[in-house]
1. Quick one: plug the Kirkwood hydrodynamic radius of segment B:28-129 (C-alpha pairs) into Stokes-Einstein at 25 °C, 0.890 mPa s, and report D in µm²/s.
2. Over 32 Å between Cα atoms, which of B:32/B:98; B:101/B:127; A:49/A:104 qualify?
3. List residues of segment A:103-129, by number, whose backbone nitrogen lies under 20 Å from a label position 7 Å along Cα→C-beta of residue B:93.
4. Post the alpha-carbon centroid distance, segment B:64-129 to segment A:44-78, in whole angstrom.
5. In nm, to one decimal, how far is the modelled label at residue A:109 from the one at residue B:39, with both set 7 Å along Cα→Cβ?
6. Defining the label point at 7 Å along Cα→Cβ, can you sort the distances from residue B:39 to the same site in each other copy, shortest first, in nm?
7. How far apart, in nm, are the 7 Å Cα→Cβ label points at residue A:124 and residue B:67?
8. How far, in nm to one decimal, is residue B:103 from itself in the other copies if the label point is set 7 angstrom along Cα toward Cβ? Shortest first, please.
There are 2 protein chains.
Amino acid sequence: MTQEALREDLTDECGHDGADSSAPRDTLVQIKENFVDESTTIDMAEMFKALGDPTRVRIIYALLQKELCVHDVCIVLDMTQSAVSHQLRYLRNTRIVKRRKVGKTVFYSLDDRHVEEIFAQTLQHLKHG
Amino acid sequence: MTQEALREDLTDECGHDGADSSAPRDTLVQIKENFVDESTTIDMAEMFKALGDPTRVRIIYALLQKELCVHDVCIVLDMTQSAVSHQLRYLRNTRIVKRRKVGKTVFYSLDDRHVEEIFAQTLQHLKHG
DNA sequence: ATAATATATGAGCATATGTTCATGTGTTAT
DNA sequence: ATAACACATGAACATATGCTCATATATTAT
């Protein structure tokens with residue numbers, strides 16, 4: 001998208017008449033251009049959504065400590081096998097966890113070292129607040 | 001909660017008969033004990049949930065670059081004032097953004113340096129995948 | 001005071017989410 | 001082959017979410 005096109009696109013959608021915005025229009029155009037592409041924005045939101053549930057947070061906390069089979073996750077979280085399995089699938093689709101099958105048992109573990117960092121940063125944020 | 005009580009609590013909820021779990025029971029007890037407290041778990045999930053929406057991700061991206069008034073966020077995101085205002089409130093309640101009022105204008109900015117780190121880590125995760 | 005501007009918010013609605021329940025699939029044991 | 005076990009999954013249901021619409025609040029200008 002050209003800078004021209006973006007400029008045209010900056011018509012007002014806010015129910016204002018556009019007489020004044022506190023930042024100069026060029027600055028706003030610049031901010032819009034500096035965005036990562038839309039698909040990445042959506043992917044980031046998907047990633048955070050995957051982490052944005054207490055059950056999934058607890059699963060990740062467990063897997064941070066040790067690779068576990070579905071059965072053991074059920075025990076640690078005290079939840080039904082179905083609920084846990086659904087959530088593990090969710091986390092697998094987001095590439096947060098991975099599987100390893102041994103006979104009829106499926107072991108889950110974290111698929112990414114970044115998750116640990118993200119958790120650490122978030123804990124810092126919560127303490128700071 | 002004592003270790004005894006936890007051990008008692010580890011009855012099977014998964015529709016299994018508990019004959020075998022791949023990790024020894026003591027290990028599972030240990031994993032359960034190493035959890036951060038439940039309220040922190042919930043807070044973390046709340047935090048991620050706040051980041052887990054494309055609109056809010058875009059707002060944060062904008063504010064990462066520059067403090068902006070509500071009106072300007074509307075322009076940059078091309079969304080209605082109401083929708084933006086609702087989302088800003090959400091982010092404010094989660095302490096991700098803060099307000100600064102000047103006359104009738106309200107400027108929003110990020111309330112926490114950790115958010116930038118979390119975003120960076122998450123982008124790394126997405127590239128890795 | 002009246003109007004205009006900037007933002008905030010409650011209600012309503014369509015869609016998404018998380019769990020349960022029932023059942024399916026794949027593996028091991030007898 | 002049959003049963004038992006470990007896990008996966010579709011349907012259904014209650015609740016949560018994100019937007020729109022209308023309206024409220026607060027500040028500034030005339």
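Any read-out appearing in this document is the output of simple, stated calculations on the displayed coordinates, not a laboratory observation. Predicted model, so just to flag it, every value in this text is computed and none were measured. Here Cβ is always computed from backbone atoms with ideal geometry, including for glycine, and neighbour counts include all displayed protein chains.
1. 163
2. B:32/B:98; B:101/B:127
3. A:126-127, A:129
4. 28
5. About 3.5 nm, to one decimal.
6. For residue B:39, the inter-copy label distances come out at 4.4 nm.
7. Label-label distance for residue A:124 and residue B:67, simple model: 2.3 nm.
8. For residue B:103, the other copies' label points sit at 7.5 nm, shortest first.
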